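Student: First, the structure itself, so that you have it in front of you.
The values are calculated or read from the model by the stated rules, or taken from the named source; none is laboratory data. Given the structure is predicted, the values throughout are model-derived calculations rather than measurements. FYI the Cβ positions are ideal-geometry reconstructions off the backbone, even for glycines, and counts take in every protein chain you see.
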């Protein structure tokens, strides 16, 4: 088991450099692995995504939506929220053949969630999605991906003034899938976004959520659950740009790892600009390593450019399976396999309990327990 932790924060005497973004793929060099944004990623498994290609597959599926929701497949229709921060995202923004656009009407209050089930057949493809929640609207949207493919994707999220969106993004891919996705959100005045990423499937999954605030009073809650098995690489790189006053953000990601070469990466970057007075932000990443041969990397970063804030902080912890906790349960007659399930279920419980659809909650719990049974042997 290997874990790394790094952080930086504090008031700066100079202005930090701007995050480089461009819609031109050629503005980004083909990654070599020495770049900060790619140093944890297994580039050899992604090479075909770094050069333009002709898509051979696409994500298709079904949408179940209550009244007040419209959706359509449109010609490529960028919403102006995404500013690509890497070459793959820029290529997808330029070359995706179409956009899936989901709109929730202003003022709508959805009693039932919107369920988007996407399935991909083997091949390679570009995807683009837009989710737009109108002013004072409230909605829950679940995007559930399955199948086997190599996908480069962008997702643009707009939450209008006074609106609220709970978005659950489930990566339930087959074992050989590769999925790189940039999620870019703009949150309006007094609006709220809860963004939940669930990464369970795929050979390589790399999600990059970005949040900007469109007015004061916005709130962003970013939640993540990942369980990496043998040979899996599950990576999250988030960036929250506090560029409006009186906004808040709260980040909590939990990863579990089991098996040889299981790998999780979590990078959490939060920037508080000089105009963002009254900001309140905290980010936390916890990693549970269940067996030898697994590795978790955790790098929280906090840039504070004003002292007039409510609060700002971060924390990260990576630990091995708790042998004492396991012994306590076994001493009370609980078999070892069941005891391990209870410990891991407890680790994830506070996040899984936030899943807004009961059927999805039960499926995720069952998937995690099945994963625990896939690797034999005792605790690390």
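Student: Do we have any residue at all in region 310-325 that's more than 28 Å from the chain's Cα centre (by Cα) and more than 29 Å from residue 171 (Cβ to Cβ)?
Tutor: yes
Student: Working carefully through the options 373, 317, find the one that is more than 30 Å from residue 141 (Cα to Cα), touching a residue at least 12 places away in the same chain (Cβ under 8 Å) and part of a strand (DSSP E or B). Step through it out loud before you land on a result.
Tutor: On the way: 373 fails: part of a strand (DSSP E or B).
Exactly one residue qualifies, and that residue is 317.
Student: A follow-up question, please. With the requirement that a residue be closer than 17 Å to residue 309 by Cβ and in contact with a strand residue (DSSP E or B) (Cβ under 6 Å, 6 or more places away or on another chain), what does region 211-228 give you?
Tutor: Quick first cut of region 211-228, residues closer than 17 Å to residue 309 by Cβ only: 211, 213, 216-220.
If the condition is that a residue be closer than 17 Å to residue 309 by Cβ and in contact with a strand residue (DSSP E or B) (Cβ under 6 Å, 6 or more places away or on another chain), then 211, 213, 218, 219, 220 are the ones that fit.
Student: Additional query: Of the residues 345, 371, 340, only one is under 24 Å from residue 172 (Cα atoms) and over 21 Å from the mean Cα position of the chain (by Cα); which? Steps first, please.
Tutor: Working: 345 fails: over 21 Å from the mean Cα position of the chain (by Cα); 371 fails: over 21 Å from the mean Cα position of the chain (by Cα).
340 is the lone residue from the list that is under 24 Å from residue 172 (Cα atoms) and over 21 Å from the mean Cα position of the chain (by Cα).
Student: Criterion first (surrounded by 15 or more Cβ atoms within 10 Å (Cβ to Cβ) and in a loop (DSSP other than H, G, I, E, B)) does residue 117 satisfy it?
Tutor: Working: surrounded by 15 or more Cβ atoms within 10 Å (Cβ to Cβ): yes; in a loop (DSSP other than H, G, I, E, B): no.
For residue 117, the condition - surrounded by 15 or more Cβ atoms within 10 Å (Cβ to Cβ) and in a loop (DSSP other than H, G, I, E, B) - is not met.
Student: From the list 115, 91, 110, which residue is under 23 Å from residue 214 (Cβ atoms) and in contact with a strand residue (DSSP E or B) (Cβ under 9 Å, 6 or more places away or on another chain)?
Tutor: Just a single option satisfies the conditions, and that option is 110.
Student: Pull up region 81-109, narrow it to residues that are assigned to a loop (DSSP other than H, G, I, E, B) and touching a residue at least 60 places away in the same chain (Cβ under 8 Å), then point me to the one that is surrounded by the fewest Cβ atoms within 10 Å (Cβ to Cβ).
Tutor: If we take residues in region 81-109 being assigned to a loop (DSSP other than H, G, I, E, B) and touching a residue at least 60 places away in the same chain (Cβ under 8 Å), then 83 is surrounded by the fewest Cβ atoms within 10 Å (Cβ to Cβ).
Student: Would it be correct to say that residue 181 is in contact with a helix residue (DSSP H, G or I) (Cβ under 8 Å, 6 or more places away or on another chain) and buried (at least 22 other Cβ atoms within 10 Å of the Cβ)?
Tutor: Details: in contact with a helix residue (DSSP H, G or I) (Cβ under 8 Å, 6 or more places away or on another chain): no; buried (at least 22 other Cβ atoms within 10 Å of the Cβ): yes.
It is false that residue 181 is in contact with a helix residue (DSSP H, G or I) (Cβ under 8 Å, 6 or more places away or on another chain) and buried (at least 22 other Cβ atoms within 10 Å of the Cβ).
Student: So residue 329 passes all but one of these: (1) more than 27 Å from residue 42 (Cβ to Cβ); (2) touching a helix residue (DSSP H, G or I) at 6+ places or on another chain (Cβ under 9 Å); (3) assigned to a strand (DSSP E or B). Which condition number does it fail?
Tutor: The one condition residue 329 does not meet is (3).
Student: Residue 73 is checked against (1) in a strand (DSSP E or B); (2) over 23 Å from the mean Cα position of the chain (by Cα); (3) within 30 Å of residue 37 (Cα to Cα) and fails just one. What number does that condition carry?
Tutor: Every condition holds for residue 73 apart from (3).
Student: Could you run through region 9-23 and say how many residues are surrounded by 13 or more Cβ atoms within 10 Å (Cβ to Cβ) and either at pLDDT below 50 or under 18 Å from residue 236 (Cβ atoms) (or both)?
Tutor: 2
Student: Could you tell me how many of the residues in region 148-163 are buried (at least 22 other Cβ atoms within 10 Å of the Cβ) and more than 15 Å from the chain's Cα centre (by Cα)?
Tutor: Looking only at region 148-163, we keep the residues that are buried (at least 22 other Cβ atoms within 10 Å of the Cβ), and these are 149-160, 163.
Next cut, more than 15 Å from the chain's Cα centre (by Cα) only: 149-151, 158-160, 163.
Qualifying residue count for the region: 7.
Student: Something else: Looking at region 262-293, which of the residues that are modelled with pLDDT under 95 and touching a strand residue (DSSP E or B) at 6+ places or on another chain (Cβ under 8 Å) is surrounded by the fewest Cβ atoms within 10 Å (Cβ to Cβ)? I'd like the intermediate steps shown before the answer.
Tutor: Initially, region 262-293 is screened for residues modelled with pLDDT under 95, giving 288-293.
Now restrict to residues that are touching a strand residue (DSSP E or B) at 6+ places or on another chain (Cβ under 8 Å): 288-291.
Working: 288: 23, 289: 25, 290: 26, 291: 19.
Step by step, filter region 262-293, then rank; the result is 291.
Student: Can you tell me which residue among 112, 26 is in a loop (DSSP other than H, G, I, E, B) and at pLDDT 95 or above?
Tutor: 112
Student: Which residues, counting only those in region 43-52, are buried (at least 16 other Cβ atoms within 10 Å of the Cβ) and either under 30 Å from residue 134 (Cα atoms) or touching a strand residue (DSSP E or B) at 6+ places or on another chain (Cβ under 7 Å) (or both)?
Tutor: 46, 49
Student: Answer yes or no as to whether residue 202 is within 18 Å of residue 144 (Cβ to Cβ) and either crowded, with 22+ Cβ neighbours inside 10 Å or without any contact (Cβ under 8 Å) to a residue 12 or more places away in the chain (or both). It would help to see each step written out before you state the result.
Tutor: Details: within 18 Å of residue 144 (Cβ to Cβ): yes; either crowded, with 22+ Cβ neighbours inside 10 Å or without any contact (Cβ under 8 Å) to a residue 12 or more places away in the chain (or both): yes.
Considered against the rule, which asks whether it is within 18 Å of residue 144 (Cβ to Cβ) and either crowded, with 22+ Cβ neighbours inside 10 Å or without any contact (Cβ under 8 Å) to a residue 12 or more places away in the chain (or both), residue 202 comes out as yes.
Student: Could you grab me the full set of residues in region 208-230 that are surrounded by fewer than 23 Cβ atoms within 10 Å (Cβ to Cβ), farther than 18 Å from residue 273 by Cβ and free of Cβ contacts under 8 Å to residues at least 60 places away in the same chain?
Tutor: 221, the sole residue that qualifies.
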